[in-house]
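Reviewing the structure listed below.
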Amino acid sequence: MPALSCRFVQSTCRWTRTNHLIPRSGKAHARGATFTSKRMIINGDCDQKSVIRSSLIMLIQKKICVIGEFGVGKTSLISRYVDSIFSDKYHTTVGVKIDKKQCQIGDALVNLVIWDLAGESHLRTLNPAQVRGASGFLLVADGTRADTIDIAIALQRKVSEILGPVPFIFAINKQDIVEQWRVGPEVADALRQRGWDVRYSSAKTGAGVEQMFLDLASRLIDREGAPHAES
Amino acid sequence: MLNPDLDTDDTLSVNSAFPPPDSVVFELIAGELRQSSASPEWLDRVKAASGNASSITDCLPFLESFLPDATLFWDHEDDGELVSDFWTQTDASGSKIHLLACALAVEGKKLLLIRSVDALYHQSERAQQQAHASVKQLKLAALWQRGLDKLTGSPNHSGPGSSESDTKDALTGISNRQRFEELFELELRSANEQEAPLSLLYLDIDQFQLINDQYGRPAGDAYLRSLAQLIEGVLSNPKDLAARVGGEEFATLLPGTDGTEAVRLAHTLSDMIRILKVPDPISRGLLSATVSIGVFTRPSRTKETTAQMLGAVQGAVRDAKRSGRGRIVIGDPTI
């Protein structure tokens, strides 16, 4: 009978030299960097041919959450980023949808574990247990629905109370139908003045999507100097 | 899916007659979850997609959020169950697998059952979609009702599902930003349908912070109240709307007003505000200020959106400030 043990790993990151993994141990220090992500998973036989170019590749796994009002396009943004696809059909997310995507940031190979949390609504409010452990988050609003901005601002406060000052990016989505937007540039300007990283995105065209995830991943592995907005 | 431990020669044919299991059971033994049933086909696919991860939480990350609650449940309950939220994972081919976990306490045993629940998920998905559609329809209905009340002059401007505090600025008593945005959208649609012009004025008090700094915030608030009354009093058309849209920013929406009339009104407002003196009971001084005003008129049969109009007047206000304050500048939506 196969046995899966449930281990809550506290080690932080690991290094691989070509295809050889250094044994798991506490914190990893290299090139003066200490990584303090909550947990690190090693995929011994993953197909990382494309990334094992340098002699030393750091593997890091990070959980991020995607949060926002229902119908703002959270799942579509993830589908665009992870699978490069978009569907006009509205699929509501029930509960949580979890996707994984690997990206390379400098010398680090980052396994992003993306938690797509069902949209905030009268039917559902944010479950702190599902947010905990995230190293950062993507906050999403819909440019055609001004109320989704207010909800995003409220959610940012809630999530920051749970996670502390972790990096996040605020995406005002549906840029492909900007003529229907009810959110003016002054909103983004005001939030930027509060230190928020505000982006415009379109899951439909892909505009701004990949860069947004890459920038967030980059901040996750390099927390020093990353902008952390005040709530 | 055959279970090598359970499927003997005698039972093989019987097991083959039943559909493969859609659930997997783990038992908590000495602080570790050990798999105590055969692996369903979906678990193999999930494990393969996770690079054959070594632990259950690597393979099923959602459990990181559920196991703390489950542990509490097992610690305090001898009998019963705790069901998780739905979660969805994808296999290597991109197919979605919808799952539910259930922590069980049965006769001293602590079990974790994870089940593939496609049918139940889709049922919940349909119900949630209908609920979301209803919420959107209710919001739209409330918006239209408020607009209708406003257009027909009904005293119940706030409409169903919305209290006056939702639409009025608490300090000045005139419309707030939310109401302004809602009516702006409606008036734009109306302007399109009727092929009528729509004008917008944006007023920003010059150096208002100086009033607050010199006389205190209560005095500043008194000035804002007086200014709001002045602006509302100057508007003569029942369809016109005055709103406080920011700390010291006001907007007026002028349906059916052309550019010439909008600029004339802006000059009237600017002149009247310039001579407005609000007494401060504490210092016995008189508070006065000027405003920078941005004006934009959307002619009939044009395509400017609310965002473009707002951008135009706000840009015009910035130009007015840069050019010495107390000015009126016509906005350009292309800038």
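FYI, it's all coordinate maths here, none of it is from the lab. Quantities reported herein were computed from a predicted structural model and do not represent experimental measurements. When we count neighbours, we look across all protein chains shown, and the Cβ atoms used for this are built from the backbone with ideal geometry, even at glycine.
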Peptide B:57-66 - average C-beta neighbours from other chains (10 Å radius): 6
Per-residue HN-Hα couplings for region B:244-250 [Karplus 6.51, -1.76, 1.60; θ = phi - 60°; Hz; x = Gly/Pro]: 8, 10, x, x, 10, 10, 10
Neighbour-count ranking [beta-carbon atoms within 10 angstrom, fewest first] of A:Arg132, A:Arg199: A:Arg132, A:Arg199
Cβ neighbours within 10 Å from other chains - mean over A:87-97: 6
Cα→Cβ-extended label distance, 7 Å offset, between B:Lys239 and B:Arg126, nm: 4.5
Distance violations [Cα-Cα > 23 Å] among B:Lys47/B:Lys109; A:Lys174/B:Lys136; A:Lys204/B:Lys96; A:Lys100/B:Lys47: B:Lys47/B:Lys109
Neighbour-count order for A:Lys204, A:Lys89, B:Lys277, fewest beta carbons within 10 angstrom listed first: A:Lys89, B:Lys277, A:Lys204
Virtual spin-label span in nm between B:Gln207 and B:Asn192, 7 Å along Cα→Cβ: 4.4
Principal axis dimensions, largest first and in whole angstrom, of chain B by Cα: 100, 50, 40
Gain on full stretching of the segment that runs from B:Asp271 to B:Gln137 - 0.36 nm per residue minus C-alpha separation: 43.8 nm
Percent breakdown of C-alpha pair distances by 10 Å bin, ordered from the shortest bin, for region B:9-116: 14, 44, 30, 12, 0
Size of electric dipole in region B:168-330: Cβ of Lys, Arg +1 and of Asp, Glu -1, about Cα centre, debye, nearest 20: 320
Span-rule helices in chain B, defined as complete DSSP H runs reaching 18 Å or more along the axis (Cα) with Kyte mean at least -1.0: B:63-76, B:118-151, B:217-234, B:259-275, B:306-322
Cut-off under 5 Å, modelled amide H: who pairs with A:Gly136 long-range: A:Cys65
Residues A:Ser135, B:Ser37, B:Ser283, A:Ser218 arranged by fewest to most Cβ contacts within 10 Å: B:Ser283, A:Ser218, B:Ser37, A:Ser135
Built amide H within the under 5 Å cut-off of B:Ile174, gap 5+: B:Asp169
Percent of alpha-carbon pairs separated by more than 17 Å within region B:102-148: 62
Ellipsoid semi-axes in whole angstrom, largest first, where each is sqrt(5λ) of the Cα gyration tensor of region B:221-335: 27, 16, 12
